[in-house]
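Pasting a structure here, questions to come.
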Amino acid sequence: MKTFTIQTKTHSAMIDITSHVTQVIQENEIEEGYVIVQSLHTTAGITVNENADPDVVTDFLRRLDEVYPWEHQKDLHMEGNTAAHLKTSTVGSSQTILVSGGKLVLGTWQGIYFCEFDGPRRNRSFVVKGVQT
(Lines give C-alpha, C1' and ligand atoms only; values in the text may rest on other atoms or scores of the structure.)
Protein backbone atom coordinates (compact mmCIF):
# COMPACT_ATOMS: atom_id res chain seq x y z
CA MET A 1 0.00 0.00 0.00
CA LYS A 2 1.27 3.45 -0.86
CA THR A 3 0.13 6.76 0.60
CA PHE A 4 0.15 9.92 -1.49
CA THR A 5 -0.18 13.45 -0.15
CA ILE A 6 -1.36 16.29 -2.33
CA GLN A 7 -2.11 19.96 -1.84
CA THR A 8 -5.39 21.41 -3.01
CA LYS A 9 -5.61 25.03 -4.05
CA THR A 10 -9.33 25.74 -4.22
CA HIS A 11 -12.44 25.15 -2.17
CA SER A 12 -13.71 22.47 -4.56
CA ALA A 13 -11.58 20.61 -7.08
CA MET A 14 -11.18 17.37 -8.93
CA ILE A 15 -7.54 16.38 -9.29
CA ASP A 16 -6.61 13.68 -11.79
CA ILE A 17 -4.59 11.09 -9.84
CA THR A 18 -4.52 8.41 -12.54
CA SER A 19 -0.74 8.70 -12.86
CA HIS A 20 -0.32 8.08 -9.12
CA VAL A 21 -2.36 4.90 -9.36
CA THR A 22 -0.44 3.78 -12.45
CA GLN A 23 2.79 4.29 -10.51
CA VAL A 24 1.68 1.77 -7.88
CA ILE A 25 0.81 -0.78 -10.56
CA GLN A 26 4.26 -0.39 -12.12
CA GLU A 27 6.17 -0.42 -8.82
CA ASN A 28 4.40 -3.61 -7.73
CA GLU A 29 4.55 -5.21 -11.17
CA ILE A 30 0.85 -6.01 -11.12
CA GLU A 31 -0.11 -7.71 -14.38
CA GLU A 32 -3.60 -8.97 -13.51
CA GLY A 33 -5.63 -7.88 -10.52
CA TYR A 34 -7.03 -4.66 -9.18
CA VAL A 35 -6.24 -1.52 -7.23
CA ILE A 36 -8.19 0.11 -4.47
CA VAL A 37 -7.91 3.89 -4.18
CA GLN A 38 -9.18 5.42 -0.95
CA SER A 39 -9.36 8.96 0.41
CA LEU A 40 -8.36 9.36 4.05
CA HIS A 41 -10.78 12.24 4.67
CA THR A 42 -14.47 12.72 5.39
CA THR A 43 -14.61 15.79 3.14
CA ALA A 44 -12.77 14.45 0.08
CA GLY A 45 -13.74 11.59 -2.19
CA ILE A 46 -12.51 9.42 -5.05
CA THR A 47 -14.33 8.97 -8.36
CA VAL A 48 -13.81 7.77 -11.92
CA ASN A 49 -15.01 10.20 -14.54
CA GLU A 50 -14.21 11.80 -17.89
CA ASN A 51 -10.73 13.31 -18.13
CA ALA A 52 -10.87 14.67 -21.70
CA ASP A 53 -13.12 17.73 -21.42
CA PRO A 54 -12.44 20.02 -18.42
CA ASP A 55 -16.03 21.26 -18.61
CA VAL A 56 -17.14 17.90 -17.18
CA VAL A 57 -15.28 18.69 -13.94
CA THR A 58 -16.71 22.22 -13.89
CA ASP A 59 -20.24 20.93 -14.40
CA PHE A 60 -19.77 18.10 -11.90
CA LEU A 61 -18.69 20.47 -9.12
CA ARG A 62 -21.38 23.04 -9.97
CA ARG A 63 -24.13 20.42 -9.87
CA LEU A 64 -22.95 19.13 -6.49
CA ASP A 65 -23.01 22.73 -5.21
CA GLU A 66 -26.60 23.05 -6.43
CA VAL A 67 -27.66 19.87 -4.62
CA TYR A 68 -25.60 20.59 -1.49
CA PRO A 69 -25.26 24.37 -0.99
CA TRP A 70 -22.39 25.36 1.28
CA GLU A 71 -24.62 27.27 3.67
CA HIS A 72 -27.95 25.96 4.89
CA GLN A 73 -29.83 27.54 7.76
CA LYS A 74 -30.68 24.19 9.36
CA ASP A 75 -27.13 22.73 9.37
CA LEU A 76 -25.92 22.08 12.91
CA HIS A 77 -22.33 20.86 12.35
CA MET A 78 -20.22 23.55 14.01
CA GLU A 79 -17.35 23.34 11.51
CA GLY A 80 -19.76 24.59 8.87
CA ASN A 81 -18.75 22.01 6.25
CA THR A 82 -21.80 19.76 6.19
CA ALA A 83 -22.02 20.16 2.41
CA ALA A 84 -18.51 18.71 2.04
CA HIS A 85 -19.45 15.66 4.10
CA LEU A 86 -22.59 15.11 2.01
CA LYS A 87 -20.66 15.45 -1.27
CA THR A 88 -18.07 12.92 -0.11
CA SER A 89 -20.75 10.45 0.91
CA THR A 90 -22.43 10.89 -2.48
CA VAL A 91 -19.23 10.49 -4.52
CA GLY A 92 -17.74 7.85 -2.24
CA SER A 93 -14.45 7.61 -0.44
CA SER A 94 -12.95 4.83 -2.56
CA GLN A 95 -12.88 3.14 -5.95
CA THR A 96 -11.78 -0.30 -7.09
CA ILE A 97 -10.32 -0.44 -10.61
CA LEU A 98 -9.33 -3.59 -12.50
CA VAL A 99 -5.81 -4.12 -13.86
CA SER A 100 -5.15 -6.22 -16.94
CA GLY A 101 -1.93 -6.57 -18.91
CA GLY A 102 -0.24 -4.31 -16.38
CA LYS A 103 -2.61 -1.41 -17.11
CA LEU A 104 -5.68 0.12 -15.53
CA VAL A 105 -8.89 -1.03 -17.14
CA LEU A 106 -10.39 2.36 -17.92
CA GLY A 107 -12.45 3.59 -20.84
CA THR A 108 -10.99 5.92 -23.44
CA TRP A 109 -12.09 9.06 -21.62
CA GLN A 110 -11.88 7.88 -18.01
CA GLY A 111 -9.54 9.06 -15.28
CA ILE A 112 -9.35 8.65 -11.51
CA TYR A 113 -10.00 11.79 -9.48
CA PHE A 114 -9.36 12.97 -5.95
CA CYS A 115 -12.35 15.20 -5.18
CA GLU A 116 -11.71 18.09 -2.80
CA PHE A 117 -14.85 19.46 -1.20
CA ASP A 118 -13.43 21.48 1.74
CA GLY A 119 -10.26 23.16 0.54
CA PRO A 120 -7.85 24.52 0.06
CA ARG A 121 -5.79 22.09 2.13
CA ARG A 122 -2.05 21.42 2.39
CA ASN A 123 -2.04 17.75 3.31
CA ARG A 124 -4.71 15.71 1.62
CA SER A 125 -3.94 12.00 1.53
CA PHE A 126 -5.14 8.97 -0.34
CA VAL A 127 -3.89 5.40 -0.40
CA VAL A 128 -3.51 2.98 -3.27
CA LYS A 129 -3.36 -0.77 -2.70
CA GLY A 130 -2.56 -3.01 -5.63
CA VAL A 131 -3.54 -6.66 -5.60
CA GLN A 132 -2.18 -9.29 -7.99
CA THR A 133 -4.67 -12.08 -8.75
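Rolling a 1.4 Å sphere over the protein heavy atoms, what is the accessible area per residue of the range 1-79, to the nearest Å²?
65
Work through the residues other than Thr58 whose Cβ is under 12 Å from its Cβ and net out their charges, Lys, Arg +1 and Asp, Glu -1.
Net charge in that neighbourhood comes out at -3.
Taking K and R as +1 and D and E as -1, what net charge do the other residues with C-beta under 13 Å from the C-beta of Trp109 add up to?
Combined, the nearby Lys, Arg, Asp and Glu give -4.
Efficiency by 1/(1 + (r/R0)^6): what FRET value for Asp53 and Glu32, r their Cβ-Cβ distance, R0 = 22 Å, to the nearest 0.05?
The formula returns an efficiency of 0.10 here.
Under a point spin-label approximation (7 Å from Cα along Cα-to-Cβ), what is the Lys9-Leu106 distance to one decimal in nm?
2.0
Once neighbouring chains are kept in place and the probe is 1.4 Å, which whole percent of the accessible area of the chain is contributed by carbon and sulfur?
Whole-percent figure for carbon plus sulfur exposure: 49.
Report the charge-dipole magnitude of the range 1-130 in Debye, nearest 20, computed about the Cα centre from +1 at each Lys and Arg Cβ and -1 at each Asp and Glu Cβ.
Computed about the Cα centre, the dipole is about 340 debye.
For every helix of n ≥ 4 consecutive DSSP H residues, a contribution of -39,500 (n - 2.57) applies; sum these over the chain, divide by its total residues, and give [θ] at 222 nm rounded to the nearest 500 deg cm²/dmol.
-8000 deg cm²/dmol
If you don't mind, another one. Residues in the range 13-37, backbone N under 20 Å from the label point at Arg121 (7 Å along the Cα-to-beta-carbon vector): list them, ranges by number please.
13-21, 36-37
Report, as a whole number in µm² per second, the diffusion coefficient that Stokes-Einstein gives for the range 1-83 at 37 °C and 0.692 mPa s using the Kirkwood radius over alpha carbon pairs.
Estimated diffusion coefficient is 212 µm²/s.
What number comes out for the charge environment of Asp75, summing +1 per Lys or Arg and -1 per Asp or Glu over other residues with Cβ under 15 Å away?
That sum, taken over residues with Cβ under 15 Å, equals -2.
The values are calculated or read from the model by the stated rules, or taken from the named source; none is laboratory data. Just so it is clear, the model here is predicted, and its values are computed rather than measured. For neighbour counting, all protein chains shown are included, and Cβ atoms are generated from backbone atoms with ideal geometry for every residue, glycine included. Note: accessible area is taken over every heavy atom of the protein model, side chains too, but ligands, DNA and RNA are not part of it. Shrake-Rupley method; radii C 1.70, N 1.55, O 1.52, S 1.80 Å.
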